[in-house]
Amino acid sequence: MLNKFIRKYPRVSRWFSAERLHAPRRFSAEQFSRLHRWFSARRFPRIPRGQPGLAHFNVIRHRARLGLAGQGQRFAAAGAAALVIMAALLANVAEQRSDEGGGAYSAYEETSDPLADREAAADRADRADRGGEGKAKAAEPEESPKPDKKKKKKKRKADWVHPMPNSTTTSCYGMRWGKLHAGVDLAAPHGTKIRAVGAGTVVNAGWVFSGYGISVVIDHGNGYLTHYAHASEAKVSVGEKVKPGDVIALEGSTGNSTGPHLHFEVHDGMWNQIEPVSWLRDRGVKIGGC
């Protein structure tokens, strides 16, 4: 029993001889006597001397247990105290490390360079812009609006136009019935609009010349004049400025006329009539039938 106790608590072996610690075995009578004397003289009150028996051994064992129990309590208290001290030391070390880290951070903040901080902020903003651009590129590109083919460019107004579009040529410039027919006749329904062939100033309008009925004469300012005769009504007056295509009269059959038509003449100087069809052709206006 005592051998098992010694194996379980080897530190208690200091109370015994070195022989007991390293080679525990059954006690001989001599060894038991030595143990009895040791306990009797040093650890416990005096017990009866003599050859020990079983009762004496039980007393010694009981007293040994009581003594060892007290020593165990002291060992436990010492261990608990050591643990408390170690925990306090560890907490102190952790606090010191935390303080050192905070101080280093504060020192870094105090010694940081404002210029470097601004450069770092600009670099972060630049990276963010590049990331936004990457995303923008990843998205589908917007299609540019296609030009509307239906919208046609406005055509520049011509300097010279046909005097009565959609009309029919009934007589050309030349000799007719023994005398000169000094213009071209264009037939259309009564009241068809007659237009100025070019820009100019109205110099005559109304019943002006014998045999021509109601007529309009326009001076184009370059030595040429145009004459529009046999109209049913004049729409302009003398001195009025006109542009190519302006309505100047309505087609009729006044004067020496056999039916509604426009008698159109070109004068190179007043009453110096010239061939009107070729003159208009030279200016990009075509009159068919001649």
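Restricting the stretch 149-230 to chymotrypsin sites (Phe, Trp or Tyr not before Pro) that sit in a DSSP loop and have at most 11 other Cβ atoms within 10 Å of their own Cβ leaves 177.
Pairs exceeding a 20 Å alpha-carbon distance, out of 157/235; 193/243; 157/241; 193/235: 157/235. Checking every one of the trypsin sites (Lys or Arg not before Pro) in the stretch 155-211 against DSSP loop status and a limit of 11 other Cβ atoms within 10 Å picks out 155, 156, 157. Listed from fewest to most Cβ neighbours within 10 Å, the set 248, 274 follows the order 274, 248. Full extension of the chain between residue 124 and residue 201 gives 20.2 nm of extra length, using 0.36 nm per residue less the Cα-Cα distance.
Every number in this text was worked out from the coordinates using simple rules, so none of it is lab data. Quick caveat, the model's predicted, so the values are computed rather than measured. When we count neighbours, we look across all protein chains shown, and the Cβ atoms used for this are built from the backbone with ideal geometry, even at glycine.
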